Amino acid sequence: MLNIVLLAINAKYVHSSLAVWVIAEGIKVNSQFLHNVSIAEATINQKTSDIVDSVIKYKPDIIGISSYIWNAAMMPELLFMLKKCLPETIIVLGGPEPSNNTEYWLSNGADYVLPGKGEYIFPLFLDEYILTSDNIKPNNSESMKGFCSNSVFIDPYTEDYFNSLNGRLSYIETSRGCPFKCTFCLSASDGIRYFPLDVVKEQITKLSKANTKTIKFVDRTFNCNSERACEIFEYIIALETDRIFHFEVAADLFDDHMFSILDTAPPGRIQFEIGIQSFHEPTLNAISRKTDINEAVKNIRKLVDMQNIHVHIDLIAGLPYESLNDFICGFNRAYSLSAGTLQLGFLKLLHGSILREQANDFDIEYSSKPPYEVTATPWLSNDEIKILKQAENALQHTYNKGRFLSALHYALMTTGSDPFTLMLSLGCAIPNHGIQLEEYIIRIYDHLVTLPGVEAKALQDCLVYDWLGMVKGKNLPAFLKNNVTRRKHIAENSEIILGRKPRREETAVLNSGIGLFTDSNDRDPVTGLYRVYICG
């Protein structure tokens, strides 16, 4: 019997790892031998020495680690320290990063790199390790790639898994692979395999009762099979649960039947992440992304108008043939869709992706270190990427956090500015790197009030409204307070409407004399904002 530790290193504490639990169950099902398997989960924000200590206590014979771009940068140091503390322990790597960059990792601390499906490959490796006489290292590569392609489905949702969640995000995989061939994605070369629907529904039910708030489907394009997607949507909508279900979908693949089902979803039950990536047709063609942009735009507007589903849109900067002006046009178009989140991301050239292999042909420059982010292209200079990062900083700390939405809308309408120009001006004037919200709102005001056409009192009123909706349990900043006597009257009216006495920080008066109060017990499940009432 071998002592095995499966180590997951997540990007944040709120994340959990599905892979290690799938592999752990795969060992039980597919290995010929009984093993003592322990799971350790850490984050990239922990000290490497603390992660090593969490592994050492299990006295492992073999350590299995899954690596991707979010933890690859810290892996060499981690492997060095593990080898130093546990010189006799075998270290096995898997996952997208080492599987597509094998030689590098074998020369930087890994004893083995196993490609393919970990729940099948790792048990086979263990069997070969035990069966080979004198523990001579088994063959590392080709014989394992196609192992157990038709093996039984692995269910990772054990009692130990549920006990480990502690309120963190949980993940579910109902299909593997993707039917599309986007050149920046590692799923581009895969076919697609669907897992049994009856098993999927059983797992969804288990997760809906678990100690988790959000359940994320890791399927690459969940709605590529409309009939199957609709059946799962219907099942989720019918559940008695307050859990949130998050899907990655293609906007142009929605149809009328799917919309009719989604329209019945309880507010906040479903979230969609939609990878538009680019609105520039030459770019979409260059990366083999087949998207009907007009259909996608129409469907996103329809989803947003339904007001029961949180919609998240992704754009990627640094793709071939897209200039700064092209990207800005796409950004403004995306912003106009009024999605709950608009993520401005930057292209990463992943090991194993087609686009990384084409990087020299396109003359794309990128970092040699994880996450291999693009630094310049023939169409987008390094200075222009810095401009995009300034806009992204403001976007992330305002719009994407549901902050200052009224003030942003007012500034756009009053100045006639386009969204990108406004975000860039905010990002340049107020680079936010951990500024407290009370200080940030002052800087937001100080900047927006200087823009042409913006009136100080109107802007203050917008910020008062925004503050009540986005903040709970904090008093208004001093520069937004006025009319204490009037606030007492507002408090009396709000007590009648709410059926309870409001806290002091839940009432405010606008410069016009109109009163506002918020119901801090009524948070919109789609936007995350608190309900704000207006009273005369």
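The values are calculated or read from the model by the stated rules, or taken from the named source; none is laboratory data. On a predicted model such as this, the values are computed, not experimentally measured, just so you know. Backbone-built Cβ (ideal geometry, glycine too); neighbour counts: all protein chains shown.
Key figures for this structure:
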{"item": "Test for Leu437: is it under 37 Å from the mean Cα position of the chain (by Cα) and touching a residue at least 40 places away in the same chain (Cβ under 8 Å)", "result": "no"}
{"item": "Wholly within the stretch 206-322, strands (runs of 3 or more DSSP E) carrying at least 1 residues that are of a type in the set (S, T, N, Q)", "result": "214-217, 270-277"}
{"item": "Residue satisfying condition, being buried (at least 16 other Cβ atoms within 10 Å of the Cβ), of a type outside the set (D, E, K, R), touching a Phe, Trp or Tyr at 6+ places or on another chain (Cβ under 6 Å) and in contact (Cβ under 8 Å) with a residue 40 or more places away in the chain, within set Phe346, Phe331, Phe327", "result": "Phe331"}
{"item": "Residues (out of contact with any Ser or Thr (no Cβ under 7 Å at 6 or more places or on another chain) and aromatic (Phe, Trp, Tyr)) located in the stretch 84-135", "result": "Tyr104, Trp105, Tyr112, Phe122, Phe125, Tyr129"}
{"item": "Of residues in the stretch 489-510 being of a type in the set (A, V, I, L, M), in contact with a Phe, Trp or Tyr (Cβ under 9 Å, 6 or more places away or on another chain) and more than 16 Å from Asn475 (Cα to Cα), the one surrounded by the fewest Cβ atoms within 10 Å (Cβ to Cβ)", "result": "Ile497"}
{"item": "In the stretch 215-241, the residues that are closer than 18 Å to Val311 by Cα and either loosely packed, with under 15 Cβ neighbours inside 10 Å or more than 21 Å from the chain's Cα centre (by Cα) (or both)", "result": "Cys230, Ile237"}
{"item": "Unmet requirement for Ser336, which otherwise passes all of (1) under 30 Å from Ser99 (Cα atoms); (2) among the hydroxyl-bearing types (Ser, Thr, Tyr); (3) touching a residue at least 12 places away in the same chain (Cβ under 8 Å); (4) out of contact with any Phe, Trp or Tyr (no Cβ under 8 Å at 6 or more places or on another chain)", "result": "(1)"}
{"item": "Odd one out for Ala188 among (1) outside any loop (DSSP other than H, G, I, E, B); (2) crowded, with 19+ Cβ neighbours inside 10 Å; (3) modelled with pLDDT under 95", "result": "(1)"}
{"item": "So Gly352, is it in contact (Cβ under 8 Å) with a residue 60 or more places away in the chain, under 20 Å from Arg443 (Cα atoms) and surrounded by fewer than 20 Cβ atoms within 10 Å (Cβ to Cβ)", "result": "no"}
{"item": "Failed criterion for Tyr112 (all others in (1) more than 28 Å from the chain's Cα centre (by Cα); (2) surrounded by fewer than 21 Cβ atoms within 10 Å (Cβ to Cβ) hold)", "result": "(2)"}
{"item": "Checklist (1) free of Cβ contacts under 8 Å to residues at least 24 places away in the same chain; (2) under 19 Å from Tyr235 (Cβ atoms) applied to Arg193, failing item", "result": "(2)"}
{"item": "Residue within the stretch 457-466 that is closer than 30 Å to Thr421 by Cβ and polar (S, T, N, Q) present", "result": "yes"}
{"item": "Of all residues in the stretch 150-200 being of a type in the set (Lys, Arg) and more than 30 Å from Gly318 (Cβ to Cβ), the one that is farthest from the chain's Cα centre (by Cα)", "result": "Arg193"}
{"item": "Where Val297 falls short, out of the listed (1) over 30 Å from Glu365 (Cβ atoms); (2) without any contact (Cβ under 8 Å) to a residue 24 or more places away in the chain", "result": "(2)"}
{"item": "Close pairs (9 angstrom Cβ cut-off, 6 or more residues apart or separate chains): more than 23 Å from Ser368 (Cβ to Cβ) in the stretch 83-104, part of a helix (DSSP H, G or I) and of a type in the set (Asp, Glu) anywhere", "result": "Cys85/Asp53"}
{"item": "The stretch 63-90, residues that are in a loop (DSSP other than H, G, I, E, B) and crowded, with 22+ Cβ neighbours inside 10 Å", "result": "Ser67"}
{"item": "Pairs, first farther than 19 Å from Ala296 by Cβ in the stretch 259-272, second polar (S, T, N, Q), C-beta under 6 Å, six or more apart", "result": "Ala265/Asn308; Pro267/Asn308"}
{"item": "Residue among Ala24, Ala40 that is of a type in the set (A, V, I, L, M), modelled with pLDDT of 95 or more and either buried (at least 21 other Cβ atoms within 10 Å of the Cβ) or touching a His at 6+ places or on another chain (Cβ under 6 Å) (or both)", "result": "Ala24"}
{"item": "For Val311: the one exception among (1) under 19 Å from Asp418 (Cβ atoms); (2) under 22 Å from the mean Cα position of the chain (by Cα); (3) β-branched (Val, Ile, Thr)", "result": "(1)"}
{"item": "Filter pass, Phe254 being surrounded by 19 or more Cβ atoms within 10 Å (Cβ to Cβ) and either outside the structural domain of Asn299 (by TED's automatic domain parsing) or touching a residue at least 12 places away in the same chain (Cβ under 8 Å) (or both)", "result": "yes"}
{"item": "Residue that is surrounded by the most Cβ atoms within 10 Å (Cβ to Cβ) [pool: residues in the stretch 361-409 that are basic (Lys, Arg) and either in contact with a helix residue (DSSP H, G or I) (Cβ under 9 Å, 6 or more places away or on another chain) or part of a loop (DSSP other than H, G, I, E, B) (or both)]", "result": "Arg403"}
{"item": "Sole exception among (1) under 27 Å from the mean Cα position of the chain (by Cα); (2) closer than 30 Å to Phe195 by Cα for Thr48, by number", "result": "(2)"}
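Condition check ((1) of a type outside the set (D, E, K, R); (2) outside the structural domain of Leu529 (by TED's automatic domain parsing); (3) touching a strand residue (DSSP E or B) at 6+ places or on another chain (Cβ under 6 Å); (4) more than 21 Å from Ile316 (Cα to Cα)) across all residues:
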{"position": "Leu350", "(1), (2), (3), (4)": "yes, yes, no, no"}
{"position": "Pro370", "(1), (2), (3), (4)": "yes, yes, no, no"}
{"position": "Glu373", "(1), (2), (3), (4)": "no, yes, yes, no"}
{"position": "Leu412", "(1), (2), (3), (4)": "yes, yes, no, yes"}
{"position": "Gly427", "(1), (2), (3), (4)": "yes, yes, no, no"}
{"position": "Ile430", "(1), (2), (3), (4)": "yes, yes, no, yes"}
{"position": "Gly434", "(1), (2), (3), (4)": "yes, yes, no, yes"}
